[in-house]
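The values are calculated or read from the model by the stated rules, or taken from the named source; none is laboratory data. Bear in mind the structure is a predicted one, so any value in this text is a computation, not a measurement. Positions of Cβ are backbone-derived with ideal geometry, glycine not excepted, and every protein chain shown enters the neighbour counts. Just so you know, the surface numbers come from the protein's heavy atoms only, side chains and all, with ligands and any DNA or RNA stripped out. Shrake-Rupley method; radii C 1.70, N 1.55, O 1.52, S 1.80 Å.
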Amino acid sequence: MSEGRVLVVDDQQSIRKLVCMHLTKAGFEAFDAVDGNDGLAKATEMVPDLIISDLMMPGMDGIELCKRLKADTRLREVFFIMLTAKSRTEDKIKGFGSGADDYMTKPFNHQELLARVQSAMRIRNLQKELTKLGEIKDEFLGIAAHDLRTPLTVIKGWCDLFNEEMLGALNDEQKEAVDGITQQVKLMLNLINDLLDVTKIESGKVELNLGQCKIQDVVAQHERSYALLASKKNITLKTEFGNDMPSVNLDKERISQVLNNLLSNAFKFSPEGSSITMASVKSGDFIEISVVDTGIGIPEEAMHKMFQKFSQAGHRAPGGEKGTGLGLAIAKKLVKLHGGRVWVESKEGKGSTFTFSLPIEGPQDLPEMEEAAVSSEAE
């Protein structure tokens with residue numbers, strides 16, 4: 001049984017043959033490629049467990065090859081060892097910056113190379129096991145969600161019949177009990193849906209359906225949707241748009257989900273008589289959309305975890321509403337898929353502003369961005 005598949009990329013034939021020979025004797029399947037372009041083509045075709053690549057090569061060098069591989073969802077977990085005659089610290093930093101996992105300098109000791117390869121394969125095998133466990137978890141959640149939704153839907157259906165008094169009149173105490181059951185069923189259904197959303201996003205199973213869209217249209221749709229709730233809670237809901245707002249290349253359904261999660265959070269923590277504003281402005285090559293409330297704000301000690309799964313703001317909602325603790329985490333992940341970022345500014349007792357940015361041209365191969373910036377003005 002093979003110890004693993006290794007692709008050796010080097011423009012020097014003698015190096016390729018030597019490394020492949022030692023790997024084959026150790027039980028690995030060794031393949032070679034004559035340069036970066038050949039290496040990229042063969043890696044795409046065979047998906048090796050490990051790549052050993054020279055840094056300096058004609059055409060596509062090792063840095064560019066590593067960047068290309070790490071940008072490919074099928075290849076980003078492949079362990080990458082950079083092999084080069086250069087030993088300068090800045091070259092090593094550049095190699096690691098491209099996504100390389102390890103670094104060796106020529107001339108190298110073959111026993112050390114083999115030890116590094118074996119260590120890399122142990123890491124790679126652990127990654128595969130984690131991936132398999134993740135797939136099992138996703139499958140379990142899918143089955144559990146389906147099995148839980150059915151009885152919850154039945155319970156909700158019976159509650160609706162009682163509320164509509166189709167099974168006879170209810171007294172005030174009975175109505176309160178049925179309302180309580182209905183609210184808990186809704187909370188559980190929301191939790192199931194949010195868990196499935198998080199799982200799909202984290203497993204890379206969410207594909208964006210991109211198209212040109214005016215952010216004003218998305219905001220206006222939510223202004224209409226939340227008008228009744230705003231009226232019931234005596235909250236002023238308004239919009240503000242910057243001048244000359246361009247169309248944005250985005251997935252309208254997913255960005256609507258982001259905005260809905262932020263609005264739901266704002267309404268939950270805004271008391272009667274307060275206001276909520278949806279604002280959007282152009283900032284360079286990005287559009288920034290904000291949900292500004294004048295609610296209870298966020299304690300400074302809770303700011304750093306606002307976009308973590310199952311996090312809570314630290315204050316109880318004025319109306320006692322409960323959430324799943326996943327809405328903001330989902331919003332952050334969906335915005336990141338679009339190539340943007342999300343952040344919050346808050347002053348306890350004065351309100352909060354949640355903002356997310358979207359690249360106007362749509363998702364690009366952007367440099368790694370800070371996932372969530374958080375700032376507090378608590379005094």
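Brief remarks follow.
- Å³ per residue enclosed by the Cα convex hull of the range 115-161: 40
- Sulfur and carbon atoms: percent of accessible area, the chain [1.4 Å]: 51
- DSSP beta bridge pairing in the chain, given as percent antiparallel to the nearest 5: 45
- Whether the range 246-296 is rounded, prolate or oblate, judged on the alpha carbon gyration tensor where a/c under 1.5 counts as rounded: oblate
- Gyration tensor (alpha-carbon) shape descriptor, the range 126-226, a/c threshold 1.5: oblate
- Exposure of Leu228 as accessible area (Å², to 10), given a probe of 1.4 Å and all protein chains: 120
- Each part reduced to its alpha carbon centroid, the range 56-73 and the range 4-35 end up 18 Å apart.
- Applying 0.36 nm per residue to the separation of Lys214 and Glu45 and subtracting their alpha-carbon distance, the gain on full extension is 56.9 nm.
- Cross-link pairs beyond the 30 Å C-alpha cut-off, checked among Lys94/Lys333; Lys94/Lys132; Lys175/Lys332; Lys137/Lys347; Lys200/Lys305: Lys94/Lys132; Lys175/Lys332; Lys137/Lys347
- Sorting Met166, Met245 by solvent-accessible area of protein heavy atoms yields Met166, Met245, largest first, with a 1.4 Å probe.
- Rg and Dmax of the range 76-189, Cα atoms only, in Å: 29.4, 88
- Normalised per residue, the volume of the convex hull around the Cα set of the range 171-275 (Å³): 131
- Inter-part distance where the range 179-231 and the range 128-148 are each reduced to a Cα centre, Å: 22
- Size of the chain as Cα extents on the principal axes (Å, biggest first): 87, 50, 40
- Restricting the calculation to Cα atoms, the range 1-146 yields a radius of gyration followed by a Dmax of 16.3, 58 Å.
- GluC sites (Glu not before Pro) restricted to DSSP loop in the range 157-254 with at most 14 other C-beta within 10 Å: Glu164, Glu165, Glu207
- Sorted largest first by accessible area at a 1.4 angstrom probe radius, with every protein chain in place, the residues Phe269, Phe356 fall in the order Phe269, Phe356.
- Rolling a 1.4 Å probe over the protein chains gives Asp172 an accessible area of about 120 Å².
- In the complete set of protein chains, residue-level accessible area for Thr150 is approximately 80 Å², probe 1.4 angstrom.
- Volume per residue of the convex hull around the Cα atoms, evaluated for the range 15-55, comes out as 65 Å³.
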